[in-house]
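Read through the structure below, which is laid out as structure tokens, and then see the notes.
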Amino acid sequence: QVQLVESGGGLVQAGGSLRLSCTASGRTVSSLVMAWFRQAPGKEREFVARIMWEGLLYYVDSVKGRFTISRDNAKNTVYLQMNSLKPEDTAIYYCAGGLNTAAYDYWGQGTQVTVSS
């Protein structure tokens, strides 16, 4: 059974930084496509970033240059470093993992990120 546990959310002022962590159990993160999604109040869940098995990275345009996804295989953890945060980044952030990009089979419980102006 695969479990994903996020941590690192919180309240930060605009322009600040946060680092989210997603620790997996039951499967290695290097064997999965790992991604971060977010859902703001009243909006649909949106893709933020993903890291492929071979390490290729992808980002939604709105976070390019500000967010960085990375992976620590020894800790079986995926990170999302978020810099230059904006109020519009406020959302619940979810970690997800899957065997391919078509469907993510595993989801974390979510962590709240709030950016004040």
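The values are calculated or read from the model by the stated rules, or taken from the named source; none is laboratory data. Since the model is a prediction, treat every value here as computed from it, not as a measurement. Counting neighbours? That spans all protein chains shown, and the Cβs are built from the backbone with ideal geometry, glycine included. Just so you know, the surface numbers come from the protein's heavy atoms only, side chains and all, with ligands and any DNA or RNA stripped out. Shrake-Rupley method; radii C 1.70, N 1.55, O 1.52, S 1.80 Å.
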Under a Gaussian network model of the chain whose springs join Cα atoms within less than 10 Å, the largest fluctuation of SER84, SER30, SER70 belongs to SER84
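Compute the convex hull volume of the Cα atoms of the chain, divide it by the residue count, and report the result per residue in Å³ as a whole number.
Values: hull volume 11.0 nm³, N = 117.
It comes to 94 Å³ per residue, whole-number rounded.
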May I ask you to give the percent of accessible area on the chain that is carbon plus sulfur, with a probe radius of 1.4 Å?
48 percent
Can you pull the one-decimal nm distance between simple spin-label points at ASN76 and ARG45, each 7 Å off the Cα toward Cβ?
2.2 nm
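Give me the accessible area per residue for the chain, probe 1.4 Å, as a whole number in Å².
51 Å²
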Return the whole-Å distance between the Cα centroid of segment 69-114 and the Cα centroid of segment 9-38.
3 Å
Can you tally the net charge around VAL78? Count Lys and Arg as +1, Asp and Glu as -1, for every other residue whose Cβ sits under 10 Å from the Cβ of VAL78.
+1
Can you give me the solvent accessible area of ILE51 with a 1.4 Å probe, rounded to the nearest 10 Å²?
10 Å²
Through the Karplus equation 6.51 cos²θ - 1.76 cosθ + 1.60, θ set to phi - 60°, convert the phi angles of segment 104-109 into ³J(HN,Hα) values in whole Hz; use x for Gly and Pro.
9, 8, 10, 9, x, 7
What distance in nm lies between label points placed 7 Å from Cα along the C-beta direction at THR114 and VAL2?
3.2 nm
Label point distance in nm, THR68-ASN83, each placed 7 Å from Cα along Cα→Cβ
0.6 nm
Between LYS43, LYS64, LYS86, where does the largest GNM mean-square fluctuation fall for the chain, given springs only between Cα atoms within less than 10 Å?
LYS43
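Expressed in nm to one decimal, what extension gain is obtained for the pair LEU99 and GLN13 from 0.36 nm per residue of sequence separation less their Cα-Cα distance?
Values: separation 86, 0.36 × 86 = 30.96 nm, distance 3.59 nm.
Result for the pair: 27.4 nm of gain on full extension.
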